[in-house]
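Asks: Following this message is one structure expressed as structure tokens.
We did not get these values from a lab; they are worked out from the coordinates using the rules stated. As the structure is a computational prediction, the values presented were derived from the model and not from experiment. Backbone-built Cβ (ideal geometry, glycine too); neighbour counts: all protein chains shown.
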Amino acid sequence: MTQTAIIWPVIAQVLLVTIVYGVMGKRRFGAVREGTARARDFLIPSVEPEASATVARNLTNQFELPVLFYTVCTLLAVTDGVSILAVSAAWLFVLSRYGHAFVHMTSNRLMLRHRLFVAGFFINALLWLLLAIHIL
């Protein structure tokens, strides 16, 4: 297993962030165009249309738990700790984040979103455990 294999899930996670930024921009511009918001409403978005508010909140989520993911993947790569298990776990983490983002930006079903978050949380914890075992 090459050490760079862990970078592909990281790139996929960064792609998700880019997609969420795009959806947020589209929904915010749409809200202004439809008259449900004014451009200045987004200066300090304390009141934002629900369609764009859920995307904005999801974007915030992309800079919480995934920061730990980026860190552990980087540490696994630089310490030669990349394994098939680590790469598989990294892909599963990214899939959980895509699922979480999709649910958050569409149906926003809280229990399903929560399950996807928890799955990602434990997968991320597994990656950290793999790193700890590797550096022992």
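Asks: Tell me, what is the FRET efficiency for residue 3 and residue 114 to the nearest 0.05, using R0 = 30 angstrom and their Cβ-Cβ distance as r?
Replies: Working: r = 34 Å, r/R0 = 1.13.
Taking R0 as 30 Å, the efficiency between residue 3 and residue 114 is 0.35.
Asks: Considering Cα pairs under 8 angstrom that are at least six residues apart, work out the relative contact order of the range 8-80 and quote it in whole percent. Don't skip to the answer; put the middle values down first.
Replies: On the way: 28 pairs, mean separation 26.0, N = 73.
Relative contact order here is 36 percent.
Asks: A follow-up question, please. On a full-extension model of 0.36 nm per residue, what is the gain between residue 39 and residue 132, subtracting their alpha-carbon distance, rounded to one decimal in nm? Let's see the in-between values first.
Replies: Working: separation 93, 0.36 × 93 = 33.48 nm, distance 4.77 nm.
Length gained, residue 39 through residue 132: 28.7 nm.
Asks: Another question, then. Which is farthest toward the positive dipole end of the chain among 11, 121, 98, measuring Cα position about the Cα centre, with Cβ charges +1 (Lys, Arg) and -1 (Asp, Glu)?
Replies: 98
Asks: How compact is the range 3-135 by the rule of thumb for globular proteins, expressed as Cα Rg over 2.2 N^0.38 Å?
Replies: In units of the 2.2 N^0.38 Å rule of thumb, it is 1.20.
Asks: With +1 assigned to the C-beta of every Lys and Arg and -1 to the C-beta of every Asp and Glu, and no other charges, what is the dipole magnitude of the chain about the Cα centre in debye, to the nearest 20? Show your work: numbers first, answer last.
Replies: On the way: 11 positive and 6 negative charges, 93 e Å.
Using only the charged Cβ atoms, the result is roughly 440 debye.
Asks: Determine which residues of the range 1-31 fall in the zone a paramagnetic label at residue 85 would reach in this model, i.e. backbone nitrogen under 19 Å from the point 7 Å along Cα→Cβ.
Replies: Counting backbone N atoms under 19 Å from the label point, the list is 1-7.
Asks: Any chance you could check the Cα centroid distance between the range 34-60 and the range 1-19 for me, in angstrom?
Replies: The two parts, judged by their Cα centres, are 29 Å apart.
Asks: Taking only complete DSSP H runs, can you tell me which helices of the chain stretch 27 Å or more along their own long axis by Cα positions and average at least 1.6 on the Kyte-Doolittle scale? Please report the intermediate quantities before stating the final value.
Replies: Numbers: long enough: 7-34 (40 Å, 0.88); 84-105 (31 Å, 1.28); 110-135 (37 Å, 1.68).
Result, helices passing both filters: 110-135.
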